Amino acid sequence: MSHTISILGSTGSIGRQTLDVAEQMGLRVAAITANSSVERIEEQARQFKPRLAVLTDEAAAKDLAARLADTDTRVLGGFDALLEAATVPEADTVVTAVVGMVGLKPTLAAIKEKKRIALANKETLVCAGELVMDAADAAGAEIVPVDSEHSAIFQCVQGCADRREIKRLILTCSGGPFYGMTYDEVGKMTKADALKHPNWKMGPKITVDCATLMNKGLEVIEAMRLYRLPLEQVSVVIHRQSIVHSLVEYRDGAVLAQLGTPDMRLPIRYAMTYPERGVNPAEPLDLLTCPPLTFAAPDREAFPCLRLAEEAATQGGTACAILNGANEEAVRLFLADKIGFHDIPRLVAEARAKVPVVQSPTLEEILEADRAARQAVLGD
Ligand code: NDP
Ligand code: MG
């Protein structure tokens, strides 16, 4: 059970919903961080009175320091300050809600201090999952997933003492805004189309990842790392309604699922209250009025990103870091209107072909693979 939290990425979609949960549960907030959202983080600092507020953008941090001069909140700028926010002594839990691989070092720093990691930042596990899980085991730090699918699985494996009893994890996938389209139809979709997710309101990067199905590919890798399972034991099923959040099939044929309305505050709250359960003030799921629940196979021809992620997962080593780094840059180019929708899988595949894979990598080798993949996308 968490009492005092630090939120990395407090101004984003997960960060703001975490503050909602913190307010409702009466948790103390020791540190908050963002990249450059000065006004939003100032508001948050005035409301939650953290000891530390961080902006990684130095100029924005100077502005924030001036704005918060009348408060007791200390303001720091730059990337190293993120490490300080991840390790504030009074926080028992660090919510990793930054977007992208930038979350890796702060997560490792928090693990070293034996904080509970409420993990939303999936890119970190995709790039360096084995390293992160080994570090958590060595330090005795708990990693509690916030991603709705992985939280569902985490809830379904409570009470399972022997992981060999798990036959398969089944991740559900909404299918995104382009579900049912052919490869050619998908290629005509614009940024505005991609940013319209049918069921969830999220930050722009993950929303585009949901449209390409790269998000599900990253989640397959995230699940493999969290539960130390091979790709053959992690499957994906399309479930348009986002009510069954994922399932676990056991070797005796029992299939356990976690259901709920599509609201990230439920997995966020569970990451705070685990192993107990808190009280949710929102309306619960009503089975009599919810839409019929349907399931279908994903289309890897129309959405090659899922296949690319599964291939990287099979190859292992730095392949997933290369996949992720290339995807982060390609999505950034897509959001800047510089490339089309199908250029995302094309650039990722090209980076994968170009950058050599190192097996059993060190942290430095992972960071180097990430850098090389980004360079492959952006051109030398
Ligand atoms: P948002 O884009 O909404 O928020 C990102 C947060 O990270 C903001 O606080 C942003 O600050 C900060 N940030 C961005 N870039 C940097 C950087 N270079 N250095 C430091 N801080 C940075 O993202 P989401 O909340 O949607 O997603 C966060 C993470 O959670 C992602 O890994 C995503 O995959 C995962 N996730 C999200 C879900 C959701 O429902 N949104 C569901 C499941 C997982 P600023 O405001 O200043 O830009
Ligand atoms: Mg998810």
Task: Condition check for Thr11: within 14 Å of ligand 1 (Cβ to nearest atom) and assigned to a loop (DSSP other than H, G, I, E, B) - done: yes
TODO: Determine which member of the set Leu82, Leu76, Leu104 is part of a helix (DSSP H, G or I), out of contact with any Cys (no Cβ under 9 Å at 6 or more places or on another chain), at pLDDT 95 or above and more than 16 Å from ligand 2 (Cβ to nearest atom).
DONE: Leu82
Open item on the list: Quick check on my filter: what residues within the range 214-244 are within 15 Å of the chain's Cα centre (by Cα) and within 14 Å of ligand 2 (Cβ to nearest atom)?
Closed with: Met214, Asn215, Lys216, Gly217, Leu218, Glu219, Val220, Ile221, Glu222, Ala223, Leu226
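Applying the selection to the range 249-275, what residues are in a helix (DSSP H, G or I) and polar (S, T, N, Q)? Explain how you work it out, then say what you get.
Within the range 249-275, the subset in a helix (DSSP H, G or I) is 265-273.
Passing the criteria: only Thr273.
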Open item on the list: Which of the numbered conditions does Ala211 fail, given that it passes all the others? Conditions: (1) more than 16 Å from ligand 2 (Cβ to nearest atom); (2) part of a helix (DSSP H, G or I).
Closed with: (1)
TODO: Might you let me know whether the range 171-189 holds any residue that is in contact with a helix residue (DSSP H, G or I) (Cβ under 7 Å, 6 or more places away or on another chain) and part of a helix (DSSP H, G or I)?
DONE: no
- [ ] Working carefully through the options Lys196, Lys201, Lys188, Lys114, find the one that is surrounded by fewer than 15 Cβ atoms within 10 Å (Cβ to Cβ) and in contact with a Pro (Cβ under 6 Å, 6 or more places away or on another chain).
- [x] Lys196
Open item on the list: Among (1) in contact (Cβ under 8 Å) with a residue 60 or more places away in the chain; (2) in contact with a helix residue (DSSP H, G or I) (Cβ under 9 Å, 6 or more places away or on another chain); (3) surrounded by fewer than 20 Cβ atoms within 10 Å (Cβ to Cβ), there is one condition Glu90 misses while meeting the rest; what is its number?
Closed with: (2)
Open item on the list: List the residue pairs whose Cβ atoms are under 8 Å apart, where the first residue sits in the range 251-267 and is over 15 Å from Glu283 (Cβ atoms) and in contact (Cβ under 8 Å) with a residue 60 or more places away in the chain, the second is within 13 Å of ligand 2 (Cβ to nearest atom) and assigned to a loop (DSSP other than H, G, I, E, B), and the two are 6 or more positions apart or on different chains.
Closed with: Met264/Val146; Met264/Trp200; Pro267/Val146; Pro267/Asp147
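Would you confirm, using the coordinates I've provided, whether Thr172 is more than 14 Å from the chain's Cα centre (by Cα), within 12 Å of ligand 2 (Cβ to nearest atom), surrounded by 18 or more Cβ atoms within 10 Å (Cβ to Cβ) and of a type in the set (Val, Ile, Thr)?
In short, yes.
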Task: Single residue of the range 105-123 satisfying the filter (farther than 18 Å from Ile366 by Cβ and among the basic types (Lys, Arg)) that is farthest from ligand 1 (Cβ to nearest atom) - done: Lys114
Open item on the list: On the basis of being under 24 Å from Ser360 (Cα atoms), in a loop (DSSP other than H, G, I, E, B), out of contact with any His (no Cβ under 9 Å at 6 or more places or on another chain) and in contact (Cβ under 8 Å) with a residue 40 or more places away in the chain, does Leu218 make the cut?
Closed with: no
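Please determine whether any residue of the range 372-380 is of a type in the set (Asp, Glu) and assigned to a loop (DSSP other than H, G, I, E, B).
Filtering the range 372-380 down to residues of a type in the set (Asp, Glu) leaves 380.
Pick out the ones that are also assigned to a loop (DSSP other than H, G, I, E, B) and you get 380.
Yes; the residues of the range 372-380 include at least one that is of a type in the set (Asp, Glu) and assigned to a loop (DSSP other than H, G, I, E, B).
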TODO: Inspect the range 118-127 for any residue being over 20 Å from His245 (Cα atoms), of a type outside the set (A, V, I, L, M, F, W, C) and out of contact with any Leu (no Cβ under 7 Å at 6 or more places or on another chain) and give the result as yes or no.
DONE: no
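Suppose the filter is surrounded by fewer than 17 Cβ atoms within 10 Å (Cβ to Cβ), in contact (Cβ under 8 Å) with a residue 60 or more places away in the chain and more than 15 Å from ligand 1 (Cβ to nearest atom); does Cys156 pass it? It would help to see each step written out before you state the result.
Values: surrounded by fewer than 17 Cβ atoms within 10 Å (Cβ to Cβ): no; in contact (Cβ under 8 Å) with a residue 60 or more places away in the chain: yes; more than 15 Å from ligand 1 (Cβ to nearest atom): yes.
For Cys156, the condition - surrounded by fewer than 17 Cβ atoms within 10 Å (Cβ to Cβ), in contact (Cβ under 8 Å) with a residue 60 or more places away in the chain and more than 15 Å from ligand 1 (Cβ to nearest atom) - is not met.
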Open item on the list: Can you tell me which of (1) charged (D, E, K, R); (2) more than 26 Å from Ile322 (Cβ to Cβ); (3) more than 15 Å from ligand 2 (Cβ to nearest atom) is the one Asp263 doesn't meet?
Closed with: (3)
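Restricting to the range 119-166, name every residue that is in contact with a Pro (Cβ under 6 Å, 6 or more places away or on another chain) and either assigned to a helix (DSSP H, G or I) or away from ligand 2 (no atom under 16 Å from the Cβ) (or both).
Step one: filter the range 119-166 for residues in contact with a Pro (Cβ under 6 Å, 6 or more places away or on another chain), giving 119, 146, 148, 151, 154.
Scanning the range 119-166 gives Ser148, Ser151, Phe154.
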Task: Members of the range 277-325 found to be over 18 Å from Lys354 (Cα atoms) and among the hydroxyl-bearing types (Ser, Thr, Tyr), listed by number - done: Thr289, Thr294
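Quick one: count up the residues across the range 289-345 that are in a helix (DSSP H, G or I) and among the hydrophobic types (A, V, I, L, M, F, W, C).
Filtering the range 289-345 down to residues in a helix (DSSP H, G or I) leaves 304-315, 319-335, 343-345.
Now restrict to residues that are among the hydrophobic types (A, V, I, L, M, F, W, C): 305-306, 308-309, 312-313, 319-323, 326, 330-331, 333-335, 344.
Residues in the range 289-345 being in a helix (DSSP H, G or I) and among the hydrophobic types (A, V, I, L, M, F, W, C): 18 in total.
The values are calculated or read from the model by the stated rules, or taken from the named source; none is laboratory data. Quantities reported herein were computed from a predicted structural model and do not represent experimental measurements. Note that we place each Cβ from the backbone using ideal geometry, even for glycine, and neighbour counts take in every protein chain shown.
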